[in-house]
Amino acid sequence: MLQPRRTLVRLAAGLSLTVTLAAGALTAPASAGSAQNAARAAAPATFTHPGVLVSRPQLDFVRTQVNAGAQPWRAAYDQMMASQYASLSRTPKPRAVVECGSYSNPNLGCTEERQDAIAAYTLALAWYITRDSRYADKAIQIMDAWSAVITDHTNSNAPLQTGWAGSSWPKAAEIIRYTYTGWPATAVNRFATMLRDVYLPEVINGSNSNGNWELTMMEAAIGIAVFLEDRSAYDRAVARFRGRVPAYIYVAADGALPKAPPNSSIDTRDEIIRYWQGQTTFSDGLSQETCRDFTHTGYGISSISHVAETSRIQGQDLYPEISDRLRHALGFHAKYQLGAAVPSSLCGGALTLGLGPVTEVGFNALSNRMGIAMTNTRTLTERQRPAGTNHLFVAWETLTHAGNPN
């Protein structure tokens, strides 16, 4: 019988913990391409903290803009502070087992977990901007409540639920752990153990479901890997991300058909068309879920942007690698979200809109930092400001990323 493997995780200078992981749970599969995979290793030699979606220079920029009353940051901050997630009277509602079925049936702790995780992140941002320790302490209370209780996610939506909540927890924890002195080491260790034992095994191996599932799961895995300083998990997640993005967003260079998801059984024309919701005409920026609806497509686009943003903070910028697909995806969906006529060749001439507050991070990176012209994306992004939260895993990105040069 395989024995659990104990792993040393360095959290900060002078602080480490040993956690137990089921043997084989994170062992990379042997393959003839292992040398090539090693050459493409993405994890930094030294992790940057805070470094999940937002960095300290980015946070400093936001704090300066808010305190100066500059727009759109002040309006975005006011929106965040008026939300339920910034409440200092919030009572966390942890569960030992979170059970999430399809279409939220059953929903046993699913909404509570996602919203508590967003609240922890919201409160961490509020702490950094205001320097009011009450917000940091409330974020800690929420994180401690869940790390003391949760043991598992179950039912059919468990991977997606774990990805959604697991994307928010590291964002909150990174800010608190590395900018506030009031989180005891024992509590930090327990939270890290929660991420290692409850969340990471559920997301690290990806999913053969719709692309937004796997992209969200990789976002969670990469954020968790940064907090744990787990280079192996980081590399595995980035490798899977690199394979999934080309299978989620089509560009003409792909040929007559979109790329199939890696390690899947989708390998014929009919299977690919079925996987792409029956679409037979492909153009730059079309997503695997465009003809399903824009909301789920927005989840995927958001996670692509989030992973790329974290990779840039950690020293290996994935934006150049995925920029062509991401810019086309943002522009394509922004055009129709803004009201462009839908041709009959696209999803039978009917689209289900509702892209959501998901454009700020990618737009800032590609247009403001890289200088790519993105007219439709700019129009939609500015029209939607301040971008709030989708109550799942996206929150306050006008505040954190609008015009952020860092």
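In the condition set (1) buried (at least 22 other Cβ atoms within 10 Å of the Cβ); (2) part of a loop (DSSP other than H, G, I, E, B); (3) among the aromatic types (Phe, Trp, Tyr), PHE282 is compliant with all but (1).
Which of the residues spanning region 367-393 are under 30 Å from GLN161 (Cβ atoms), in contact with a Gly (Cβ under 7 Å, 6 or more places away or on another chain) and outside any loop (DSSP other than H, G, I, E, B)? Please lay out each step first, then the result.
Filtering region 367-393 for residues under 30 Å from GLN161 (Cβ atoms) gives 377, 380-381, 384-393.
Within this subset, residues satisfying the condition of being in contact with a Gly (Cβ under 7 Å, 6 or more places away or on another chain) are 377, 390.
Matches in region 367-393: THR377 only.
Evaluation of GLU219 against the conditions (1) crowded, with 22+ Cβ neighbours inside 10 Å; (2) not in a helix (DSSP H, G or I) shows that the sole unmet condition is (2). Among the residues of region 304-345, the ones that are β-branched (Val, Ile, Thr) and closer than 20 Å to TRP213 by Cβ come to 4 in all. Taking region 128-147 as the search range and keeping residues that are touching a helix residue (DSSP H, G or I) at 6+ places or on another chain (Cβ under 7 Å) and of a type in the set (A, V, I, L, M), which one is farthest from THR193 (Cα to Cα)? Among those residues, the one meeting the criterion is ILE129. Beta carbons closer than 9 Å, at least 6 apart along the sequence or on distinct chains, pair a first residue in region 241-262 that is assigned to a helix (DSSP H, G or I) with a second that is of a type in the set (Ser, Thr, Tyr) and at pLDDT below 95 for ALA247/SER264.
Please go through region 61-110 and pick out each residue that is at positive phi and not aromatic (Phe, Trp, Tyr). Residues satisfying the conditions are GLY69, SER104, GLY109.
Scanning region 81-125 for residues that are under 21 Å from GLY388 (Cβ atoms), touching a helix residue (DSSP H, G or I) at 6+ places or on another chain (Cβ under 6 Å) and hydrophobic (A, V, I, L, M, F, W, C) yields ALA86, LEU88, CYS110, ALA117, ILE118, ALA119, ALA120, LEU123, ALA124.
GLN316 meets each of the listed conditions (1) at pLDDT 95 or above; (2) surrounded by fewer than 20 Cβ atoms within 10 Å (Cβ to Cβ); (3) not acidic (Asp, Glu) apart from (1). Listed by position, the helices (runs of 4 or more DSSP H) contained in region 92-194 that have at least 1 residues being closer than 20 Å to TRP396 by Cα and hydroxyl-bearing (Ser, Thr, Tyr) are 110-130, 133-147, 158-179. Contact map, region 341-362: first residue closer than 29 Å to LEU318 by Cβ and surrounded by fewer than 20 Cβ atoms within 10 Å (Cβ to Cβ), second residue among the aliphatic types (A, V, I, L, M) and at pLDDT 95 or above, Cβ cut-off under 6 Å, separation 6 or more or different chains; pairs are LEU351/VAL342. Can TYR85 be described as among the aromatic types (Phe, Trp, Tyr), modelled with pLDDT of 95 or more, part of a helix (DSSP H, G or I) and in contact with a strand residue (DSSP E or B) (Cβ under 8 Å, 6 or more places away or on another chain)? It is true that TYR85 is among the aromatic types (Phe, Trp, Tyr), modelled with pLDDT of 95 or more, part of a helix (DSSP H, G or I) and in contact with a strand residue (DSSP E or B) (Cβ under 8 Å, 6 or more places away or on another chain).
For region 316-344, residues that are over 19 Å from SER305 (Cα atoms) and not aliphatic (A, V, I, L, M) total 4.
The values are calculated or read from the model by the stated rules, or taken from the named source; none is laboratory data. All of these numbers come straight from a predicted model, not from anything done at the bench. Because the Cβ atoms are built from the backbone with ideal geometry, glycine has one as well, and the counts that use them run over all protein chains shown.
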